[in-house]
1. Can you tell me which residue within the stretch 27-77, out of those that are among the aromatic types (F, W, Y) and farther than 14 Å from L145 by Cβ, is modelled with the lowest pLDDT?
2. If the requirement is being surrounded by 13 or more Cβ atoms within 10 Å (Cβ to Cβ) and among the aliphatic types (A, V, I, L, M), which of these qualifies: M138, M85?
Amino acid sequence: MLLHPQDCIPTRNVRPCHCAARAVDPRDGPVGIAWPRTNNMELLSEENVIGLKTRELCATLAGSAEFSAIRSRIERFSADTEARMQFELVNRKGAQLEEKQQSGADISEAEVADFEKMRDSLLSNDVAREFLEAREEMIALQEGLQQWVAKTFELGRPPTQDEMGGSCGPGCGCA
């Protein structure tokens, strides 16, 4: 059973809520029987086991060699003005080409070649390439943690490795 995160209470001018069990009026907020809300800060306080374990997880992450290596590559990129500018130029050019394509305009072979040249140059920059890899690793770690927590909410207990798809995490390749 999934717990509902909002007070979805029937009101006038009702439209279905995403939970499909209750309804909300977008103009006047919840009325009627209100579900008591727990202050998130109470759940994450030092006196609460959830808060304590959350901080322990954060300390474990921050103290791990893998996390430190990821952060160090990100910080190295942040300190390298040339790599950041090169990254920004490639992103801007990619966004321009995407916008042009979405508007139905043709993209010339010269524009594609120019973008690919810029991208290849960016990827040949060790600092920028390592940043991109670190960013992907950080995203995969965040998504993996979110999946485990979401599955715990869904099941009401910690999931097994098999329930999580049998792999070590996103992108591990062991499954």
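1. First, the residues of the stretch 27-77 that are among the aromatic types (F, W, Y): 35, 67, 77.
This time we only want the ones that are farther than 14 Å from L145 by Cβ, so: 35, 77.
Numbers: W35: 53, F77: 97.
Restricting to residues being among the aromatic types (F, W, Y) and farther than 14 Å from L145 by Cβ, the top hit is W35.
2. M138
Per-residue answers, yes or no, for (1) among the polar types (S, T, N, Q); (2) within 25 Å of the chain's Cα centre (by Cα); (3) surrounded by fewer than 11 Cβ atoms within 10 Å (Cβ to Cβ):
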| position | (1), (2), (3) |
| --- | --- |
| S45 | yes, yes, no |
| G51 | no, yes, no |
| F77 | no, yes, no |
| F115 | no, no, no |
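The values are calculated or read from the model by the stated rules, or taken from the named source; none is laboratory data. For clarity, every value in this text was computed on a predicted model and none was experimentally measured. Note that each Cβ is placed from the backbone with ideal geometry, even for glycine, and that neighbours are counted across all protein chains shown.
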